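Just below is one structure, and these are the notes that go with it.
The values are calculated or read from the model by the stated rules, or taken from the named source; none is laboratory data. Note that the structure is predicted; figures quoted are calculated from it, not measured. Here the Cβ positions follow ideal geometry from the backbone for every residue, glycine too, while neighbour counts run over all protein chains shown. Just the protein is used for accessible areas: all its heavy atoms, side chains included, with ligands, DNA and RNA removed. Shrake-Rupley method; radii C 1.70, N 1.55, O 1.52, S 1.80 Å.
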Amino acid sequence: MTVALYALICLIWGSTWMAIKIGLAGVPPFLAAGLRFLLATLLVGVVLAARRTRLRLTPDDKICVLSVGLLVFWLDYAAVYWAETRISSGLTAILFSTMPLMTSILSAKWTRSETLSGRKVAGILVGVLGTALLFWPHERVGLQQALGMLATLGGSLCAAISLVMVKKYGQRSDPFVLNFFGMALGAACLLAMSAAMENWSAAAWSRSNILALFYLSVFGSVIAFWAYYYLIKRMDATIVSLTTLIIPIVALALGRAFLHETVTPTAVAGIATILAGVAVAIVPIWSLVVGRWSLVASR
């Protein structure tokens, strides 16, 4: 089940980058994100009601709710949605793949739940070089594109911090309860931000962006985040974050196939370098994971 859920997360979140891009056609970014998580909150509430789950939060649960609500469902997604109004969905996904490196550093230095080896340090340095290539001056990369890249990296950092927090404090948390309160908090913050900064009357709704909203709410939020927090309690934080390595491949393929997105040659070099750095940093972890899965399969 663990392997299946891991693959499911990669497939769903690999497609959400394109769905976000489609959903943003005619809709302001913070409004689109806020409505996504408002609908997702309602859906999770229906699940909790059907399960007759008591909505009680322990002190550790409250820490997790604040973490995922503010860092992930608000700041992370506000950054990602805003970034996708300025850069391609594929490039956004690639930049977000720096999350395993950030998670590894935080796990080693903050919670001390994982070690920061020389290989990880080397991978981090290679990843930094790749980021520098992405930001290398180019006639096609303007200020707005650079700000979109920075916003994505900021969102990635927020997600990494939250992942480590949930790994530390959420071992006994119910994923549905965590998502219910976290998404509700994130939706409230996003909609408040949207009301202050965006013109709702300018939103142009269409069949495409409405379908994208429902897909993101049901699959990209309720199902994927349930699986995500289920895995966090059963796997190392860094290993869970490695889904961001596979997700960009899916996102780039879908972006090119359906949205006809392109990336500059310098950006391609930066993308390849970032992925190489992340791979160098986590090779031992992947070897361990593959070894464990092979052992289980042989029994």
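Annotations
- Condition check for A7: more than 22 Å from I271 (Cα to Cα) and small (G, A, S): yes
- Filter result for L150 (open to solvent by 40 Å² or more (accessible area, probe 1.4 Å) and modelled with pLDDT of 95 or more): no
- Condition met for W226 (outside any helix (DSSP H, G or I) and on the phi < 0 side of the Ramachandran plot): no
- For the range 167-216, a residue qualifies if it is among the hydroxyl-bearing types (S, T, Y) and under 29 Å from F258 (Cβ atoms), and the qualifying residues are S194, S206, S208, Y215.
- Filter result (over 21 Å from the mean Cα position of the chain (by Cα) and either modelled with pLDDT of 75 or more or on the phi > 0 side of the Ramachandran plot (or both)) within the range 101-122: R112, A122
- Within the range 6-19, the set of residues being farther than 19 Å from G182 by Cβ and either in contact (Cβ under 8 Å) with a residue 12 or more places away in the chain or in contact with a helix residue (DSSP H, G or I) (Cβ under 6 Å, 6 or more places away or on another chain) (or both) comprises Y6, L8, C10, L11, G14, S15, W17, M18, A19.
- Of everything in the range 25-55 that is without any contact (Cβ under 8 Å) to a residue 12 or more places away in the chain and assigned to a loop (DSSP other than H, G, I, E, B), the residue that is most open to solvent (accessible area, probe 1.4 Å) is R52.
- Qualifying residue in the range 132-139 (condition: modelled with pLDDT under 85 and crowded, with 19+ Cβ neighbours inside 10 Å): yes
- Hits in the range 56-86 - residues which are among the charged types (D, E, K, R) and assigned to a helix (DSSP H, G or I): D60, D61, K62, D76
- Every residue from the range 1-24 that is open to solvent by 40 Å² or more (accessible area, probe 1.4 Å) and polar (S, T, N, Q): T2
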